[in-house]
Amino acid sequence: MGAVYILWLRQLKRYFRSKARLIGSLGQPLLFLVALGLGFGPIYQKAGGGSYIQFLTPGIIAMSVLFTAMFSGIEIIWDRQFGFLKETLVAPVSRLEIMIGRTLGGATVAIFQGMVVLLISLLVGFRLTNLGDLLLAFLFMLLISLDFTALGTAIASLMEDMHGFQLIMNFLVMPLFFLSGALFPFEGLPKTLKIVSSLDPLSYGVDGLRGALGVGYHFSFLQDFFILAAASGLLLMVGSYLFSKIEL
């Protein structure tokens with residue numbers, strides 16, 4: 001387990017050393033919170049939906065965790081190009097431990113990102129109904145981050161081109177986000193869009209965060225939890241298998 005800890009710590013050091021990355025990764029969530037939350041707030045309220053900031057914030061937190069988790073996979077390609085991955089893989093450590101360490105590191109960074117966005121949202125107008133809800137919100141952020149860090153690792157394990165990875169990520173990330181119900185309620189959606197959204201694992205992460213933060217569940221706590229947990233287990237197995245097949 002020492003290798004897991006070392007790789008986890010390395011992921012954190014790499015992230016916090018880059019101040020530009022830390023600040024830049026907050027730009028998009030802040031833009032969504034201010035532009036959409038304040039811009040569409042009056043319209044949403046007139047339509048009888050209540051506070052749009054309250055509704056939107058859990059979705060933006062999930063978006064921040066999603067983006068950070070998925071793009072953590074690019075570090076595999078980066079390490080492969082500069083030789084660090086080869087040094088890691090030839091070490092007397094199982095590839096499963098390496099995969100777990102990298103995944104936990106990426107997930108920890110993604111959770112930290114989500115917590116920072118939550119703090120920023122309090123300045124924009126979001127209100128916590130119960131501080132105890134933060135523990136439940138943390139649980140859902142953990143599940144979301146594990147899901148998509150593992151997915152990003154699985155995709156990166158199949159690729160050697162950094163630019164190709166970014167294109168595929170954008171092709172996946174934006175549909176996952178926009179179909180998750182982060183920006184709109186599921187009630188009243190066309191049946192086809194409801195079915196597609198229900199196949200998006202992020203939908204259950206967004207719904208779980210909304211329930212945890214006092215906005216209310218569309219599905220249920222148990223449904224959100226078990227679907228995310230099952231997706232985490234499946235993606236971790238797939239990611240571990242593909243990572244173990246990386247050729248030096």
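All of the numbers you see were taken from the coordinates with simple rules; none came from a lab. What you are looking at is a predicted structure, and each value in this text was computed from that prediction instead of being measured. Methodologically, a virtual Cβ is constructed for each residue, glycine included, from the backbone with ideal geometry; neighbour enumeration extends over all protein chains shown.
Some notes on this structure:
- Dividing the C-alpha radius of gyration of the chain by 2.2 N^0.38 Å, with N its residue count, gives 1.02.
- Using only side-chain charges placed at the Cβ, +1 for Lys and Arg and -1 for Asp and Glu, the dipole size of the range 2-244 relative to its Cα centre rounds to 420 debye.
- Principal-axis tilt of helix 133-157 within the chain, Cα atoms, nearest 10 degrees: 40 degrees
- Between the Cα long axis of helix 52-71 and the first principal axis of the chain there is an angle of about 10°, rounded to the nearest 10.
- Percent RCO, i.e. relative contact order, over the range 121-231, from Cα pairs under 8 Å lying at least 6 residues apart: 35 percent
- From its DSSP helices (H runs of at least four residues, each -39,500 (n - 2.57)), the chain gives a residue-normalised ellipticity at 222 nm of -24000 deg cm²/dmol.
- In degrees, nearest ten, helix 95-124 long axis to first principal axis of the chain (Cα): 30 degrees
- Most tightly packed first, judged by the mean number of other beta-carbon atoms within 10 Å of their residues, the peptides 108-118, 52-62, 222-232, 134-144 read 52-62, 108-118, 134-144, 222-232.
- Over the range 2-244, Cα pairs under 8 Å with separation of 6+ residues give a relative contact order of 27 percent.
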